[in-house]
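The values are calculated or read from the model by the stated rules, or taken from the named source; none is laboratory data. In this text the structure is predicted, and so the values were computed from the model without any measurement. Because the Cβ atoms are built from the backbone with ideal geometry, glycine has one as well, and the counts that use them run over all protein chains shown. Note: areas computed on protein heavy atoms with side chains; ligands, DNA, RNA excluded. Shrake-Rupley method; radii C 1.70, N 1.55, O 1.52, S 1.80 Å.
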Amino acid sequence: MPLWQGRFQKELDQQTNDFNASISFDSRMAQQDIRGSIAHAAMLGKQGIIDKAESDLIIKTLRQIASELESGTLAIDMTAEDIHTFVEAELTKRIGDSGKRLHTARSRNDQVALDLRLYLLDETEKLEESIDRLLRVLAAKAKDTADYVMPGYTHLQRAQPITFGHHLLAYAQMLLRDRGRLRDCKARMAVSPLGSGALAGTTYPLDRDFVAAQLGLAGVSANSLDGVSDRDYVLELLSCLSILMVHLSRFAEEVILWCSWEFKFVELDDAFSTGSSIMPQKKNPDIAELVRGKSGRVFGDLMTMLTVMKGLPLAYNKDMQEDKQAVFDAVDTVLICLDTFAPMLETATVLKDNLRAAAAKGFINATDCADYLVYKGLPFRDAYKCVGQLVASCIAQNLTLETLPLAQYKAACDLFDADVFDAINLDHCVNKRIVKGAPAPQCVLAEVAALEAQI
Ligand code: ARG
């Protein structure tokens, strides 16, 4: 039975009914809907808008409904229009007229805005926990690999020596910012729109702050039109999640590269890899590829909501019902990506020798070689040019800076001495990089400690 009887002579066309209904996806907000209704009923009773006894009865019955839904003894009627309709109908079925009083001074427009806020606040907590879990894995792995020397890249060309732990911690920084953005976004989400009514507030003497306080929300919306039509909190959350997925996708891309025979920096555990139906030798990093691919879904969800909202006149419009599937999909996707990525990374083996072998090629100590001359007094630009010529000469002779004879160094510049070989030693090059945020093992361990303090 729809909520809007009275004015209508006919039943809703069946296909139109299905098209209009949202129960198939908003049923997951059942607990939040009931929580909101309990706070509303308590306020109605406190303000004398309904009888205190009726308010108590409504609250008691709503609690029962909530626990029966939780335990599975009560099933949601999927023919109801939406979750709000279902809860009210179930309440009225149980306590008759008292149930019908619950919706006094409320509209589904402010109700749904509240429910979605409460639901997304709960989900944001889960997202923060999943980020923390991945951060813990990163901290542990970075600690283990704090002195694993590897080439750092720019343009995907070997550039300068870093450590694997340092590389991992770059992603930890991104995830810390993601967590910070979620926290910022929660502050604006934790606002109660209840009391906005359909659009124009209400004539009843509501205590909106009481409702907000009951729900643990920081305050109430300041404008009734905005209260029912604001979905910034959805857009903000989707934006945060999109940025997070950019990070996970970049990380996934590196894992995929690292698993290739061309790199072979990392070996994924068999439990987190897949094979091929035809090529017996294959071990594929499907998890990382899916994470990379699913970033597209989340960006799509953000685009969906930006597009849904952009031309809407005030206040509520049914277009806004589209918010739920988009944001639910994004939240579900990000949670599963985080929760799968973490154990995949945790169980991966980092191949120290291969990292080292890659670091030994590609002249990643050329900058250190130039710096050696600078420490001996040569202007950097001259040192740069001299070492560039040495590299070219190494390439021509199939040598490295480590294997180039001292005589050739001296021929290029008389400031070179035998200690140049210490200066370009890879461990030495990494260990000297001790400015704040640099890749030396001691810096990595300091960064891990700072990270652990933030988890
Ligand atoms: N299912 C609706 C939604 O998700 C609830 C609000 C309905 N309001 C209305 N005026 N039809 O947006």
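Here Ser67 meets the list (1) more than 17 Å from Ile83 (Cβ to Cβ); (2) open to solvent by 60 Å² or more (accessible area, probe 1.4 Å) almost entirely, failing just condition (1). Please work out if Ser295 is in contact with a helix residue (DSSP H, G or I) (Cβ under 8 Å, 6 or more places away or on another chain), open to solvent by less than 30 Å² (accessible area, probe 1.4 Å) and at pLDDT below 95. Answer is no for this residue. Name the residues in the stretch 180-203 that are open to solvent by 10 Å² or more (accessible area, probe 1.4 Å), part of a helix (DSSP H, G or I) and not small (Gly, Ala, Ser), would you? Listed by number, the residues that qualify are Arg181, Arg183, Asp184, Lys186, Arg188. Could you please let me know if Lys310 is among the basic types (Lys, Arg), closer than 27 Å to Asn17 by Cα and crowded, with 20+ Cβ neighbours inside 10 Å? The answer is no for Lys310. Among the candidates Asp301, Asp286, the residue that is away from the ligand (no atom under 14 Å from the Cβ), more than 18 Å from Leu235 (Cα to Cα), within 21 Å of the chain's Cα centre (by Cα) and among the charged types (D, E, K, R) is uniquely Asp286.
Can you report the number of residues in the stretch 354-387 which are farther than 21 Å from Arg433 by Cα and within 43 Å of the chain's Cα centre (by Cα)? Selection size over the stretch 354-387: 1. Of the helices (runs of 4 or more DSSP H) lying entirely inside the stretch 39-139, the ones with 1 or more residues being of a type in the set (Val, Ile, Thr) and away from the ligand (no atom under 16 Å from the Cβ) are found at 52-71, 83-95. Might you let me know whether the stretch 208-229 holds any residue that is at pLDDT 95 or above, among the acidic types (Asp, Glu) and in contact with a helix residue (DSSP H, G or I) (Cβ under 8 Å, 6 or more places away or on another chain)? The answer is no, given that none of the residues of the stretch 208-229 is at pLDDT 95 or above, among the acidic types (Asp, Glu) and in contact with a helix residue (DSSP H, G or I) (Cβ under 8 Å, 6 or more places away or on another chain).
Contact map, the stretch 306-334: first residue more than 14 Å from the ligand (Cβ to nearest atom), second residue open to solvent by 30 Å² or more (accessible area, probe 1.4 Å) and modelled with pLDDT of 95 or more, Cβ cut-off under 7 Å, separation 6 or more or different chains; pairs are Leu306/Leu235; Asp329/Arg297; Thr333/Lys294; Thr333/Arg297.
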